[in-house]
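Below is one structure, written out as structure tokens, with a few remarks after it.
The values are calculated or read from the model by the stated rules, or taken from the named source; none is laboratory data. What you see is a predicted model, and the numbers here were worked out from it, not measured in a lab. Methodologically, a virtual Cβ is constructed for each residue, glycine included, from the backbone with ideal geometry; neighbour enumeration extends over all protein chains shown. What goes into the accessible areas is simple: the full protein's heavy atoms, side chains included, and nothing from ligands, DNA or RNA. Shrake-Rupley method; radii C 1.70, N 1.55, O 1.52, S 1.80 Å.
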Amino acid sequence: MPDSQDALDSLVEKRSIDVVPDAERHGTAFSQFTLWLGANLQITAVVTGALAVVFGAAAFWAIIALLIGNLLGGAVMALHSAQGPRLGLPQMISSRAQFGVRGAIVPLLLVIVMYVGFFASGSVLAGQAVGELTHLGDTTGIVLFALVTAVAAAVGYRLIHTLGRIAGVVCALAFVYLGIRLLDRTDLATLLHDRTFDFPLFLLAVSLSASWQLAFGPYVADYSRYLPRATSAKATFSWTLAGTVLGSQWSMTFGALAAAAAGHAFVGHEVTYIVGLGGGAALITSLLYFVIALGKLTINVLNTYGGFMSMVTSVSGFRGRATLSPRGRAAYIAGIMVAGTAVALLGKNSFLSSFKDFLLFLLTFFTPWSAINLVDYYAIAKERYDIPALSDPNGRYGAWRWKALSTYALGVLAQLPFLSTAFYTGPFVAPLGGADISWLIGLAVPAAVYWLLAHRDTAHVPDRMILAPEPTPGRPRVTESG
């Protein structure tokens, strides 16, 4: 019994938003490839790719547009991932260096909404699979799936990476099989025959895949922060980019082809249609439902864990605590689970159209944050942060940093004239033929404005990375990094 208890204790994560000490670092940059490959080989990515075709794009151009969006958004996402080994902190904690210890709560609140939304959308699709697998129906399937997700998120970092490795292998095999079955039913040349180019629909497909990648930005470093500090930033960036682009493009291409082949039969029956490709044998059908649930479990655990981290970061900015008891951890995770499950149950019947608008809406708020964070980290601070000061509202970074906050607001507002959703369309959308380029504006404008406002104001930037509290006069520094 003691041995099994020790094994359990070693598996359950003890850290929350506090810095990971060098003695607890482990793994290699390749772990980012397996995690993000597994996280993207799943049903929601398939639906994202299908959306481009469902909303009118030809499959040929949809696949190209999805690749462009995955590469562009994935590069931004991977730049965030490279911060993890250097800082040893969850992604949104580093936002305090730009927005202030308390000011970081502004983008954080929107990040939490994102996690709840992605938890809900994933639970809708996984709930269909679990409901079919257990014969208990969608509603019970959603609830069961949410409970398993919460337990896995509570265990934490090691289990998350283990799930990614397992899902990467299992889901890859399943997608190869499904791809073969799809091409047995229809001719690939026929699916790609239509070369009609519609620029607004092309940009919509780019935006869908770019938003998919950019939405990982606020938590991607959470899963690289345990890597040894000496891990190459180039390696972390490259393996993250390779895993997320390969996994997402694979899934989205399959989704685009499936939607092109199925037509209206796909809409509203995404899970049953994909499982139906398996051939109808009971064992194959059950295995495919299991694969769908496993793929969604991996990404939903990421969303739950990220939501927990963001909530703790928000609260700690005002309470000043960086550690958390197991009971507190469970309470935060339960809150994410309950909120996400409620949204899933309320919105399960209008999933497809709601999910598209949700993705594009999120993009409006995360591109300015990404631009500010990356410009500050790579171009202004040049990877030099005072880690202890990120928890002190009276320290180097202060409580509120108005240059970043005002730039963030400007970045959001600058996108509105170019934004096209079901509930709002900006005045510049029609002159552009209906194309939505808001996410490009959301990256370029805040990046340029923040650079102009902040690149000369570097009094708060230390001359090196500070990992431990500054010593009192006459005493040596405890730990520092060059």
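Quick notes on this structure:
- Rounded to 10°, Cα long-axis angle of helix 233-262 versus longest principal axis of the chain: 20
- Fully extending the segment from LEU183 to ARG229, taken as 0.36 nm per residue of separation minus the present Cα-Cα distance, adds 12.0 nm.
- Gyration tensor (alpha-carbon) shape descriptor, the range 70-208, a/c threshold 1.5: oblate
- ³J(HN,Hα) computed for each position of the range 89-98 - Karplus, 6.51 cos²θ - 1.76 cosθ + 1.60, integer Hz, glycine/proline x: 10, x, 4, 6, 4, 5, 5, 5, 5, 9
- Where Rh is the Kirkwood radius over Cα pairs, Rg/Rh for the chain: 0.97
- Probe 1.4 Å, accessible area per residue of the range 117-242, Å²: 39
- Heavy atoms of LEU188: accessible area, 1.4 Å probe, square angstrom to 10: 70
- With only Cα atoms counted, the range 202-299 has Rg and Dmax values of 17.1, 51 Å.
- Tensor-based shape of the range 180-255 (alpha-carbon gyration tensor, a/c under 1.5 rounded, otherwise prolate or oblate): prolate
- Paramagnetic reach from THR134 in the range 294-308 [backbone N under 20 Å; point 7 Å along Cα→Cβ]: 294-302, 304
- Global form of the range 358-438, assessed from the alpha-carbon gyration tensor, a/c cut-off 1.5: prolate
- Residues ASP184, ASP18, sorted by accessible area with the largest first, give ASP184, ASP18 [1.4 Å probe; ligands and nucleic acids excluded].
- A straight chain from HIS26 to TYR424 at 0.36 nm per residue would run longer than the Cα-Cα distance by 138.6 nm.
- Helix 59-81 vs. the chain, principal-axis angle (Cα, 0 to 90°, nearest 10): 20
- In the chain, a dipole from Cβ-located charges (positive for Lys and Arg, negative for Asp and Glu) runs towards its positive end, and of VAL19, THR341, GLY278 it is VAL19 whose Cα lies farthest in that direction.
- Length, then width, then depth: along the principal axes, the Cα atoms of the range 408-457 run 40, 18, 13 Å.
- Its Cα gyration tensor gives the range 96-141 an equivalent ellipsoid, and the semi-axes of that ellipsoid, as √(5λ) in whole Å with the largest first, are 37, 7, 6.
- Angle between the chain longest axis and helix 282-319 axis [Cα atoms, degrees, rounded to 10]: 30
- Annotation: amide H-H contacts under 5 Å for ASP386 (H modelled 1.01 Å from N, sequence separation of 5 or more, or interchain): ILE466.
- Lysine pairs within the chain, Cα separation less than 21 Å, 8 or more sequence positions apart or different chains: 5
- Of the listed residues VAL315, VAL53, the order by accessible area with a 1.4 Å probe, largest first, is VAL315, VAL53.
- Zone of LEU452's modelled label, taken as backbone nitrogen in the range 384-416 under 17 Å from a point 7 Å along Cα→Cβ: 403-415
- Whole-number accessible area per residue in Å² for the range 7-116, which is evaluated in the context of all protein chains at 1.4 Å: 26
- Where the Cα pairs of the range 42-109 fall when distances are cut into 10 Å bins, in %: 17, 31, 25, 22, 5
- Mean sequence separation of contacting Cα pairs (under 8 Å, at least six apart), scaled by the length of the chain, corresponds to a relative contact order of 29 percent.
- When LYS382, LYS403 are compared by accessible surface with a 1.4 Å probe, the order from highest to lowest is LYS382, LYS403.
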